[in-house]
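Here the structure is laid out as structure tokens; the discussion comes afterwards.
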Amino acid sequence: MEKRNYKIVIDAPASKVWKVLWDKDTYTDWTGVFCEGSYVKSDFTEGGRAHFLTPSGEGMYSVVDTNRENQVMSFRHIGMLKNGEEMPLDDQTRSWSGAMETYNLSEKDGKTTLEVELDITEEHATYFDGAFPKGLTRVKELAES
């Protein structure tokens, strides 16, 4: 596993950036750069589940590790979903199960720095290095509008 960091400064308060990140409609908008029509099923309660899904019901399930509103949201990724159902771990998912994805927001003078840190496998590094900056740019556009 490798750690990757992506950062962007947004001319909006942390509360607005937070809403863009986790509100149902805006989540689907900004994550469209990863997969058009993707969505999340979760109440974002610490210790609860988050299902990150494609329109066909495929995706990944995770545990909400931390939720400090307007500050930090982190997920511990566990395994894969098929038809919206959690699948048992296999050799492939065991290679990344436990990977973390953390969103840190810090506000100063009305601007918010959004920093995302992810654990990723080497085979996915190029993909995320291309997609994550696009996703964060879309978060910025939505929060600043």
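The values are calculated or read from the model by the stated rules, or taken from the named source; none is laboratory data. In this text the structure is predicted, and so the values were computed from the model without any measurement. FYI the Cβ positions are ideal-geometry reconstructions off the backbone, even for glycines, and counts take in every protein chain you see. Note: accessible area is taken over every heavy atom of the protein model, side chains too, but ligands, DNA and RNA are not part of it. Shrake-Rupley method; radii C 1.70, N 1.55, O 1.52, S 1.80 Å.
You will find that of E115, E36, E122, the residue that is over 22 Å from E2 (Cα atoms) and open to solvent by 60 Å² or more (accessible area, probe 1.4 Å) is E36 and no other. Of all residues in the range 114-145, those satisfying the criterion of being touching a strand residue (DSSP E or B) at 6+ places or on another chain (Cβ under 8 Å) and not in a helix (DSSP H, G or I) are L114, E115, V116, E117, L118, D119, I120, T121.
Of all the residues in the range 59-108, those that are open to solvent by 60 Å² or more (accessible area, probe 1.4 Å), modelled with pLDDT under 95 and either closer than 22 Å to L21 by Cα or small (G, A, S) (or both) number 1. For the range 39-57, the criterion of being open to solvent by less than 50 Å² (accessible area, probe 1.4 Å), closer than 18 Å to L105 by Cα and not in a strand (DSSP E or B) is met by at least one residue. Select from the range 66-93 the residues that are in contact (Cβ under 8 Å) with a residue 24 or more places away in the chain, hydroxyl-bearing (S, T, Y) and outside any strand (DSSP E or B) and list them in ascending order. None; the set is empty.
Are any residues in the range 3-27 open to solvent by less than 50 Å² (accessible area, probe 1.4 Å) and either under 14 Å from the mean Cα position of the chain (by Cα) or under 15 Å from S145 (Cα atoms) (or both), and if so, which ones?
Pass one, the range 3-27, residues open to solvent by less than 50 Å² (accessible area, probe 1.4 Å): 6, 8, 10, 12, 14, 17-18, 20-22, 26-27.
Of everything in the range 3-27, those that are open to solvent by less than 50 Å² (accessible area, probe 1.4 Å) and either under 14 Å from the mean Cα position of the chain (by Cα) or under 15 Å from S145 (Cα atoms) (or both) turn out to be Y6, I10, A12, A14, V17, W18, V20, L21, W22, T26, Y27.
Residues that are among the basic types (K, R) and in contact with a strand residue (DSSP E or B) (Cβ under 9 Å, 6 or more places away or on another chain) do not occur anywhere in the range 52-75.
Scanning the range 4-38 for residues that are at pLDDT 95 or above and either assigned to a strand (DSSP E or B) or touching a Pro at 6+ places or on another chain (Cβ under 8 Å) (or both) yields R4, N5, Y6, K7, I8, V9, I10.
I'm trying to understand the selection: among the residues of the range 125-145, which are over 20 Å from D29 (Cα atoms) and open to solvent by less than 50 Å² (accessible area, probe 1.4 Å)? Answer for the range 125-145, where residues must be over 20 Å from D29 (Cα atoms) and open to solvent by less than 50 Å² (accessible area, probe 1.4 Å): just A125.
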